[in-house]
Amino acid sequence: MRYVAGHKDQTSKRILRAAGKLFRKKGYAATGIDAVMASADLTAGAFYAHFRSKEDLLAKTLDEVFVAGKNDRPVELNELRGQAWLRAFASFYLSNQHRKAAGRGCPMPSLAAEVARIGGKPRAVFGQHVQRVVDGIARQFDETDPDRQRAIATMAICVGGVTLARAVNDGLAKEILAACRDAVIKEIDMA
């Protein structure tokens, strides 16, 4: 059967979107190729026409979800700069809404530990995107002299806060998110 031009690319994107959601929601190790392909409304046999291995799928999925993550943020972040952006970002990132949206949210809290264990290309891709996020946050602290140390601390508080908040009950989760938001705001105010 002949397919229209671009069919393979569209199908690959569908697989990446399905994998991105499942890997973030259930974890990489707990998500098999069969589940990813079923979620993309495809048979498992079609997988190897698009990806060399599950690890290859993870690396490409990480690229996809980090880039697409910009679209999951509130629109007003695109219009803000500096301290205003940092405050709005911290409020969004350390929110109960983001905590509960593991399948759509930032891949760092969901996948960092698994990527660290897997290594290889997924780790390299993850590292490139973390570097880009750090650089972006650093420029928000100071456009002319980006503050990487503050950016790394801010990112670590945000990612760690969401990671812990997802692992506990709602009451404690809200406390963790609030404490982390307060810590980030203090860091912003010291800039």
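Readers should treat all values here as calculations from the given coordinates under stated rules, not as data from a laboratory. Here the structure is a predicted model, which means the values were calculated and not measured. In this analysis, Cβ positions are derived from the backbone assuming ideal geometry, glycine residues included, and neighbour counts consider all displayed protein chains.
Sort out for me the Cα centre separation of region 84-102 from region 7-22, rounded to whole Å. Region 84-102 and region 7-22 have Cα centres separated by 26 Å.
Each peptide in 62-70, 28-36 gets a packing score, the mean of other Cβ atoms within 10 Å over its residues, and the list from highest to lowest is 62-70, 28-36.
The ellipsoid that matches the Cα gyration tensor of region 104-179 has semi-axes, each √(5λ) in whole angstrom, of 23, 20, 8, with the longest given first.
For LYS186 and GLN149, a Förster radius of 22 Å and the Cβ-Cβ distance give a FRET efficiency of 0.90, rounded to the nearest 0.05.
Simple spin-label estimate for ALA88 and ARG14 gives 3.6 nm between the two label positions (7 Å along the Cα-to-Cβ direction from each Cα). Using the rule -39500 (n - 2.57) for each DSSP H run of four or more residues, divided by the residues of the chain, the 222 nm mean residue ellipticity is -23500 deg cm²/dmol.
As a rough guide to protection, the peptides 93-102, 44-53, 106-115 ranked by mean Cβ packing within 10 Å, highest first, stand as 106-115, 93-102, 44-53. Under 1.5 on a/c is rounded, so check that first for the chain, then, if it is not, pick prolate when a/b is larger than b/c and oblate when it is not; a ≥ b ≥ c are the square roots of the alpha carbon gyration tensor eigenvalues. Cα axes put the chain in the prolate bin.
Computed about its Cα centre, the charge dipole of region 1-104 is approximately 180 debye, with only Lys, Arg, Asp and Glu carrying charge at their Cβ. When each of the peptides 156-168, 72-84 is scored by the mean number of other C-beta atoms lying within 10 Å of its residues, the order from highest to lowest reads 156-168, 72-84. One chain, two ends: ASP56 and ALA179. Fully extended at 0.36 nm per residue, the span grows by 40.6 nm beyond their Cα-Cα distance.
Seen from ARG73, the other residues with C-beta closer than 12 Å to its C-beta sum to a net charge of -1, counting Lys and Arg as +1 and Asp and Glu as -1.
Computed extension length for SER39-GLU76: 10.2 nm, one decimal, from 0.36 nm per residue of separation with the Cα-Cα distance subtracted.
The calculated FRET efficiency for ASP135 paired with ALA112, based on their beta-carbon distance and R0 = 30 Å, is about 0.95.
Taken along the Cα-to-beta-carbon direction at a fixed 7 Å, the label points for TYR48 and ASN96 span 4.8 nm. For the chain, the longest principal axis of the alpha carbon atoms and the long axis of helix 170-189 meet at an angle near 60°.
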